[in-house]
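Scroll down for the structure; my scribbles are underneath it.
The values are calculated or read from the model by the stated rules, or taken from the named source; none is laboratory data. These figures come from a predicted structure and were not determined experimentally. Heads up, the Cβs are rebuilt from the backbone with ideal geometry, glycines too, and the neighbour counts pull from every protein chain shown.
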Amino acid sequence: MDFKILNTEDTIGRLIDLIRDSKQRVTLVSPYMTLGAEDRVGRVVREALARKVRVALVIRKDEQTPLKDGLVETMRPLVEMGLKLFGVPGLHAKIYRSESTVLVTSLNLLSSSFLNTIEIGLWSQAPQALQAIDAFFKREIAALAKAVEVHDAEPAQKARAGRERKARKEQGYCIRCGDEIAFNPTRPYCRTDYEEWAEWENEDYEDEYCHRCGDPFPATMAKPLCGTCYRALA
């Protein structure tokens, strides 16, 4: 496969060019990031989104690496423009891909990586290299990726809202968005989210809230109640 080896400065330059020259799609795989709408990379991402380029950002998200407070809020301008954010547990790979170019590198989307560290990049536009990276991405990353919603950055607010909901147990809660709905364990979604769930009908797909108390809980259609609520109704 035809890859060109890049130093730190060239890696950063090629990354900027990859995003700036994109016409259809950009995928940014960076476990750790401080991407904002106004920093160097953020500006070219914003420009790409304005050109209707589909931009996806994949970061690390697991129990050892939760979202930092305010991270999604910092990115809100880009998210509102259409940036899609995904989380993958244990992610350490860094890959930047457009429809025509790929950059495999040690470079995270961190300001410290741009200023203080020695990085290496492997850059290519060769069809064989693009196909190999796409196969790796699909097998090792996309298969584990889950969409990250804005409210995922606010676990404290979730928990507080859940406690407030407990006082009104005559109501049920949509297990995806948390809105109040009629309590019905056989239909634990609001109308909008039920229609979305019904497209796939995966009874084991994990959502966000207990249907009865509204606390954060990996509820599913098959198991919409947390353990406490299930035992209380048994």
Expected single match for among the β-branched types (Val, Ile, Thr), surrounded by fewer than 21 Cβ atoms within 10 Å (Cβ to Cβ) and within 15 Å of the chain's Cα centre (by Cα) among Val26, Val72 is Val72
The range 68-81, residues that are farther than 13 Å from Ala147 by Cα and not charged (D, E, K, R): Gly70, Leu71, Thr74, Met75, Pro77, Leu78, Met81
Pick out the one residue from Asp10, Asp2 that is over 17 Å from the mean Cα position of the chain (by Cα), surrounded by fewer than 19 Cβ atoms within 10 Å (Cβ to Cβ) and at pLDDT below 95. Asp2
Here the residues within the range 38-60 that are part of a loop (DSSP other than H, G, I, E, B) and either over 17 Å from Ser113 (Cβ atoms) or without any contact (Cβ under 8 Å) to a residue 24 or more places away in the chain (or both) are Glu38, Arg51, Lys52, Val53
If a residue must be in a loop (DSSP other than H, G, I, E, B) and out of contact with any Leu (no Cβ under 8 Å at 6 or more places or on another chain), how many such residues does the range 196-212 contain? 10
Which one of these is in contact (Cβ under 8 Å) with a residue 40 or more places away in the chain and assigned by TED's automatic domain parsing to the domain that holds Leu35: Glu80, Glu119, Glu63? Glu119
